[in-house]
Amino acid sequence: MGKRKEMPLGGVILEAGSAETYSTGGWRKLKPVLDKDKCTNCLICWVMCPDSAIIVEDGKMVGFDMEHCKGCGICATECPDKIKAIKMVEEEAA
Amino acid sequence: MATVPSTKVQVGLTGNSAVALAMKQIDPDVCPAYPITPSTGVMEEFSSYVADGKVTTELITAESEHSAMSACIGASAAGVRVMTATSSQGLALMHEMLYIASGLRLPMVMAVVNRALSAPINIHCDHSDSMASRDAGWIQIYSETVQEAYDNLFQAVRISEHSKVLTPAMVCLDGFITSHAVEGLTLLDDSEVKQFIGEFKPPHPLLDVEKPVTLGAMTLPDTYIEFKHDQSLAIARAKDVVAEVGEEFDRLTGRVYGLFEEYMLDGADVVIVVMSSAAGTTKVAVDELRKKGKRAGLLRPRLFRPFPYKEIAEALKGAKAVCVLDRVDSMSGFGGPLFNEVRSALYDLEKGPRTIGRIFGLGGRDYKVEDALGVFEELFKIADGGKVESVVEYLAY
Ligand code: SF4
Ligand code: SF4
């Protein structure tokens, strides 16, 4: 058996925040598209996104981190019914 | 043998009381538990020690064994010393979590008071419970007597927490036969225990907020096999650690513990291999035969996980016929697990013994001296060139 990678004991992750280095963006089939005119910056999408892929600047929703957005559509579903500022669209069609 | 032991307190205790006392002397930081016959006495007595302020342990009375083992995992991950006890269905209910404890490489020690598994329901001794967990990545040490169960717990703490091992360990003793029988034993002083077990130094404690870590992260096909391979190498390394810790314990107490016990094995033509309390009964049969000049012997495995296959083969290579007794059936149609592993270990010997397997004692059925003598009689026939009537079989009951 050849030399293999040294692995941390029991799969422990020693570096905080290392999930950032793992690109989940490649999993995406549908991508979220924001309609800035409709958005009220309530930030419900920011709270609900499982991959911390909603980018917020100065308290405002400004877009998506496409390196980590996996296209789950939770943000589109959770955006309040009266607003519906996010649409999920096919990757290629976008 | 070492210098005169400094320990001298002799008492009579049941196996469960001795386990509870060992736990008191170890004084683990956390003990999550859910009682089940026949190990109930362990937690009953240990919880008295907690209530009386005799230990500093935080006792967590969980709502099931699955939860108890989950709490053990959380506490060990946090970086403290953890112990618990269970039996039978309780161990079966822990099954899922056993793999998580071992896969995360979390040291802890669990006393397993061996009991049959349902159905049919039965509260008495056999090894169905711990043998069903034999591939869960835990070290398994089997105890013949109350003294040994008591002594094994201290050693298990050291083995499990050893930096080369970092793997959880079970100390098994026979339900009722050992757990509820009063036997004489020699105790260690509290100070000797403290010195022997030392401090637990967790490699990556979750509670170290200066060095945040994540445990239990997902691994994909590009890394899972590496972790499992590392785990496999670690439990294999435990074999030498068990021997080293046993020698150190011998120097402290004068009581000898190896990977297995050899009883009248020198020049033995026929050998019974059996674990736990049944070995005591077998020794009586060996003595009777030796008195008549018949060359019978016993090999009693103490360490079953990891399995010391080389050493066992070496110890049995001079025998002509061997019978491995399993107090459990693998339901494979090919005997029990101990039989299969011993026979496999002997396969590479150039002129190894003929090896048969017999299943005995399920659900607490008695195993008597005449049963052992019957096995030896069959082995002598095989050793004399007789035919092996059946490789695997239930011992007549
Ligand atoms: S689609 Fe899913 S992952 Fe992408 S931004 Fe929306 S909630 Fe986050
Ligand atoms: S949930 Fe909808 S409205 Fe609220 S911030 Fe997100 S996109 Fe804008």
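The values are calculated or read from the model by the stated rules, or taken from the named source; none is laboratory data. Small disclaimer: the values here were computed from a predicted structure and weren't measured. Every residue, glycine as well, gets a Cβ built from its backbone with ideal geometry; the counts of neighbours run over all protein chains shown. Remember, those area values only see protein heavy atoms, side chains included, never the ligands or the DNA or RNA. Shrake-Rupley method; radii C 1.70, N 1.55, O 1.52, S 1.80 Å.
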The size of the Cβ-based charge dipole (Lys, Arg +1; Asp, Glu -1) of chain B about the Cα centre, to the nearest 20 debye, is 840 debye
From DSSP H assignment alone, runs of 4+ in the protein assembly as shown each adding -39500 (n - 2.57), the sum over residues rounded to the nearest 500 puts [θ] at 222 nm at -11000 deg cm²/dmol
Partner lysines whose C-alpha sits under 26 Å from that of B:Lys194, ignoring same-chain residues fewer than 8 away, are B:Lys8, B:Lys24, B:Lys54, B:Lys164, B:Lys239
What is the average number of partner chain Cβ atoms found within 10 Å of a Cβ in B:207-215? 3
Looking only at lysines whose Cα falls under 26 Å of B:Lys294's and that sit 8 or more positions away or on another chain, we get B:Lys283, B:Lys317, B:Lys320, B:Lys351, B:Lys368, B:Lys381, B:Lys387
Sorted largest first, extent of the range B:51-98 alpha carbons per principal axis (Å): 32, 23, 15
Hey, what did chain B get for relative contact order, percent, Cα under 8 Å, at least 6 apart? 16 percent
For the pair A and B, how large is the buried accessible area, both sides, in square angstrom to the nearest 100, if the probe is 1.4 Å? 1400 Å²
Which distance in nm do the two modelled labels at B:Asp384 and A:Ala16 give, with both placed 7 Å along the Cα-to-Cβ direction? 7.7 nm
Eigenvalues of the alpha-carbon gyration tensor of the range B:259-314, times 5 and square-rooted, give semi-axes in Å, largest first, of 21, 13, 6
Using a 1.4 angstrom probe with every protein chain in place, what is the largest-first accessible-area order of B:Asp189, B:Asp29, B:Asp151? B:Asp29, B:Asp189, B:Asp151
In the range A:63-94, GluC sites (Glu not before Pro) in a DSSP loop with at most 12 other beta-carbon atoms within 10 Å: A:Glu91, A:Glu92
With a 1.4 Å probe and all protein chains left in place, how much of the accessible area of the range A:20-90 comes from carbon and sulfur atoms, in whole percent? 55 percent
Any idea how far the Cα center of the range A:1-54 sits from the one of the range B:4-75, in Å? 43 Å
Under Stokes-Einstein, the protein assembly as shown at 25 °C and 0.890 mPa s, with its Kirkwood radius over C-alpha pairs, diffuses with a coefficient in µm²/s of 97 µm²/s
Starting with the highest mean, order B:172-185, B:267-280, B:320-333 by the number of other Cβ atoms within 10 Å, averaged over the residues of each peptide. B:267-280, B:172-185, B:320-333
If N is the number of residues in the range B:185-306, what value comes out of its Cα radius of gyration divided by 2.2 N^0.38 Å? 1.57
Column: log10 I(q)/I(0), Debye, Cα scatterers of the range B:260-394, q = 0.16, 0.20, 0.21 Å⁻¹: -0.73, -1.21, -1.36
Dipole of the protein assembly as shown (Lys/Arg Cβ +1, Asp/Glu Cβ -1, origin at the Cα centre): which of A:Gly26, B:Ser102, B:Ala345 lies farthest to the positive side? B:Ala345
So, with a 1.4 angstrom probe, what is the percent of accessible area on chain B that is carbon and sulfur? 54 percent
List the residue ranges in chain B for DSSP H helices whose C-alpha atoms run 15 angstrom or more along the long axis and whose Kyte-Doolittle average is -1.0 or above. B:15-26, B:40-51, B:65-78, B:88-103, B:146-161, B:224-253, B:278-291, B:369-383
Between B:Ala345, B:Ala116, B:Ala68, which gets the highest mean-square fluctuation from a Gaussian network model of chain B, Cα cutoff 10 Å? B:Ala345
P(r), alpha carbons of the range A:20-90 - 10 Å bins starting at zero, rounded %: 22, 57, 19, 1
